[in-house]
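These notes concern the structure reproduced below.
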Amino acid sequence: MKIEKPRGTRDLSPEEMGKRRFVEGEIVRTFESYNYRPIQVPTFEHAELFSLKSGEEIRQHMYVFRDKSDRELCLRPEATASVCRMFVENFQNTQMPLKFYYMGPMFRYERPQKGRYREFWQAGVELIGPSGARSDAEVISMASKCLENIGLKFELEVGHLGILRGLMRDLGIGAGKQDELINAMDKGETERLENLVEHEVLLDIIGLNGQKDAVERAKTILNSYPSALSALEELSQILSLLDENATSYVVNMGVARGLEYYTGMVFEIMVNGLGAQSQICGGGRYDLLIELFGGKTTPAVGFAFGFDRVVDAFDEQGIKAPEAAVDFVVAPVSDEIRKDADRIASELRKQGASVDIDLMDRKLGKIMEYAANVNALQVVIVGPKELAKSEVTLRDMKTGGQENVKIANLKFKIEKRNGK
Ligand code: AMP
C-alpha cells in the first residue's frame, strides 16, 4: 500500500535542510547577539488559548481535535499565545526584560500553495517587560539585521495599531467593529473596508504611507483626535530610533496584522519574487495579551519570520549556502584492515572531524567516487603496506595530491572545514 504525505506538508531533503540550517544559524546567531535566549513551547495546547485572541483568520484555520479524555486541543497555529501562557505559568516573578526566541513548526489548515503550507516553520522572538519606543525599535532592527546577515533584499513596513484603534475610539467605533475593520485591512479587502467605514478620515489614515514625512501628514489629518495623536507621537519616536541605528523602513499606516492581540506598533517585511506569499515576517506590540491569560499587566513585543518563505526568498535572490562537506572519507582497501580503518575514523571523530567510512564493501575506485559525491575534503586510504609502517595515504580531494603520513600525525585541522 502506498501512503502519501498529508496535503500541505513537505519532506525536506539533505540539500534543502543544508540551506535551512544555514539560514536558521544566521537568524539564531543574530537573536543571540541581542541576548535573546531559546525557549520551546508545546506543539499542541488547549484550543481556547488560540481561539481567545489570535483573530478570526487564525481561528478559521486551526487544527482542533479531542484527546482520549475529551479535552479540546489544537496544534499550535503560532507561538506568541503559548509564550504568554508560559510566562504567566513560570516567569512572572523573574527580572525583566525577558528576551525569548523560538523556532519550530506551526500548523494552519489553509489552502496549500507555494509559500503557504499546512505545516510551516516560524522563527520568532518575544521581548517581555519593557514598553516604549526603544524596545519596539530593538525588535524591528533585530528582524532587519537577521535578513541583512543572510544577505536578503527586503522592504520593512511599519505601522501603528494604536493610531488606528485610537482614531476609531475617538470616532466612537466599538471594539467588535474595530476588529472587523482591521481584519478587512489585513486581508486587503478594499471593498469590504470601504463599506464598513463611515468616516473619511479613517480611510485617509489607512491609505497613508511614505518615509518619515508620512508622520507629519498624519499629524495634520489627526489634528482633532487626541488618542490617535499620542500613538502617532510614539510611532515618530520609534522611527527616529530606527533612523539612528540605520534601519531602513517605510511607513505604512495600513499595516494591520490579522492577529487581534496587537495594541501598538506593527510591522511586516516583504520581499519581491514570491508572488502572493511575499510577506516573510510579521510582528508588533501586544500589551494586553498576558493580562488576558490571567497574568499581571505586562507589556510585550515580538515578531515571527515565516521561515520557509525566508528560505524561498534566499533561493529566489540566488544566495547560496556554504556547500555541505565531510572532512574525511576513510577508505580501507581490503576487508582485513577494516578494524584499523574504524580505529582511525574514531580517532579523527574524537578530534572533532566529520568522518564517513565505507559501509558497502566497495573497491577503492568506487569509494573515491562516493567521496567526490558527498563532497569529502580528504580521503584517508588505509592499505596494508602503509599500515605496516604505521602510515596511511591522505588524498586531498581539491588538488588531487596524495601523501603518506604517520597515523600518529593524522591531525584534523578545523580551519579546513567547509573550505574556511
Ligand atoms: P502570522 O503569525 O500570521 O503573523 O505570520 C507570521 C509569518 O508566518 C508570515 O509573515 C508568513 O511569512 C508566515 N506564514 C504564515 N502562515 C503561513 C503558512 N501557511 N505557510 C508558510 N508561512 C506562513
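The values are calculated or read from the model by the stated rules, or taken from the named source; none is laboratory data. It should be emphasised that the depicted structure is a prediction, and the values quoted were computed from it without experimental measurement. All Cβ positions, glycine included, derive from the backbone under ideal geometry; neighbour counts span all protein chains shown. Side chains included, ligands, DNA and RNA excluded: accessible areas come from the protein's heavy atoms. Shrake-Rupley method; radii C 1.70, N 1.55, O 1.52, S 1.80 Å.
Evaluation of D312 against the conditions (1) within 16 Å of the ligand (Cβ to nearest atom); (2) at positive phi; (3) acidic (D, E) shows that the sole unmet condition is (2). Yes or no: G104 of a type outside the set (S, T, N, Q) and either in a helix (DSSP H, G or I) or closer than 19 Å to G302 by Cα (or both)? So G104 fits the description; yes.
Considering only residues that are more than 11 Å from the ligand (Cβ to nearest atom) and in a loop (DSSP other than H, G, I, E, B), look in the range 257-268 and name the one that is farthest from L167 (Cα to Cα). Before you say what the answer is, go through the steps one by one.
Start the filter on the range 257-268 by keeping residues that are more than 11 Å from the ligand (Cβ to nearest atom), which leaves 260, 263-265.
Imposing the further condition that a residue be in a loop (DSSP other than H, G, I, E, B) reduces the set to 260, 263-264.
On the way: E260: 17, T263: 13, G264: 13 Å.
Only one residue tops the list, namely E260.
Pairs are defined by a Cβ separation below 8 Å, a sequence spacing of at least 6 or placement on different chains, a first member in the range 304-329 that is closer than 14 Å to G273 by Cβ, and a second member that is open to solvent by less than 30 Å² (accessible area, probe 1.4 Å) and more than 16 Å from the ligand (Cβ to nearest atom); the pairs so defined are F314/A321.
Quick grid of which residues meet (1) open to solvent by 50 Å² or more (accessible area, probe 1.4 Å); (2) touching a residue at least 40 places away in the same chain (Cβ under 8 Å); (3) closer than 17 Å to G302 by Cα:
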site	(1), (2), (3)
M1	yes, no, no
K5	yes, no, no
T9	no, yes, no
S13	no, no, no
E24	yes, yes, no
N35	yes, yes, yes
M62	no, yes, no
F65	yes, no, no
C74	no, no, no
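Please tell me if L292 is among the aliphatic types (A, V, I, L, M) and either within 11 Å of the ligand (Cβ to nearest atom) or in contact with a Pro (Cβ under 7 Å, 6 or more places away or on another chain) (or both). No: the conditions fail for L292.
Any residue at all in the range 140-147 that's among the polar types (S, T, N, Q) and open to solvent by 20 Å² or more (accessible area, probe 1.4 Å)? No.
On inspection, F154 passes the criterion of being open to solvent by 20 Å² or more (accessible area, probe 1.4 Å), at negative phi, assigned by TED's automatic domain parsing to the domain that holds N35 and within 13 Å of the ligand (Cβ to nearest atom).
The rows are residues; the columns are (1) among the aromatic types (F, W, Y); (2) within 16 Å of the ligand (Cβ to nearest atom).
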site	(1), (2)
M1	no, no
P6	no, yes
R10	no, yes
E26	no, no
L52	no, yes
F65	yes, no
R76	no, yes
V88	no, no
P97	no, no
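Which ones in the range 114-123 are in a strand (DSSP E or B), open to solvent by less than 30 Å² (accessible area, probe 1.4 Å) and either in contact with a Lys or Arg (Cβ under 7 Å, 6 or more places away or on another chain) or more than 8 Å from the ligand (Cβ to nearest atom) (or both)? The one that is in a strand (DSSP E or B), open to solvent by less than 30 Å² (accessible area, probe 1.4 Å) and either in contact with a Lys or Arg (Cβ under 7 Å, 6 or more places away or on another chain) or more than 8 Å from the ligand (Cβ to nearest atom) (or both): A123. Using the structure shown, decide if N245 is at pLDDT below 95 and within 17 Å of V139 (Cβ to Cβ). In short, yes. Is at least one residue of the range 284-299 of a type in the set (A, V, I, L, M), within 25 Å of the chain's Cα centre (by Cα) and either outside the structural domain of T190 (by TED's automatic domain parsing) or surrounded by fewer than 19 Cβ atoms within 10 Å (Cβ to Cβ) (or both)? For the range 284-299, residues of a type in the set (A, V, I, L, M), within 25 Å of the chain's Cα centre (by Cα) and either outside the structural domain of T190 (by TED's automatic domain parsing) or surrounded by fewer than 19 Cβ atoms within 10 Å (Cβ to Cβ) (or both): present. Yes or no: E78 open to solvent by less than 50 Å² (accessible area, probe 1.4 Å) and charged (D, E, K, R)? Yes, satisfied.
Looking at the range 17-35, is at least one residue not in a helix (DSSP H, G or I) and not hydroxyl-bearing (S, T, Y)? The answer is yes; a qualifying residue exists.
What helices (runs of 4 or more DSSP H) lie completely within the range 130-219 and have 2 or more residues being of a type in the set (G, A, S)? Steps first, please.
Working: elements: 133-150, 161-170, 175-186, 190-196, 200-206.
Answer list for the range 130-219: 133-150, 161-170, 175-186.
Among the conditions (1) within 12 Å of the ligand (Cβ to nearest atom); (2) open to solvent by 40 Å² or more (accessible area, probe 1.4 Å); (3) touching a residue at least 24 places away in the same chain (Cβ under 8 Å); (4) of a type outside the set (S, T, N, Q), R111 misses just one, which is (3).
Within the range 39-55, the set of residues being outside any loop (DSSP other than H, G, I, E, B), open to solvent by less than 80 Å² (accessible area, probe 1.4 Å) and out of contact with any Cys (no Cβ under 7 Å at 6 or more places or on another chain) comprises L49, S51. Given the criteria farther than 15 Å from V125 by Cβ, open to solvent by 10 Å² or more (accessible area, probe 1.4 Å) and away from the ligand (no atom under 16 Å from the Cβ), does G275 qualify? Here the answer is no, as G275 does not meet what is asked.
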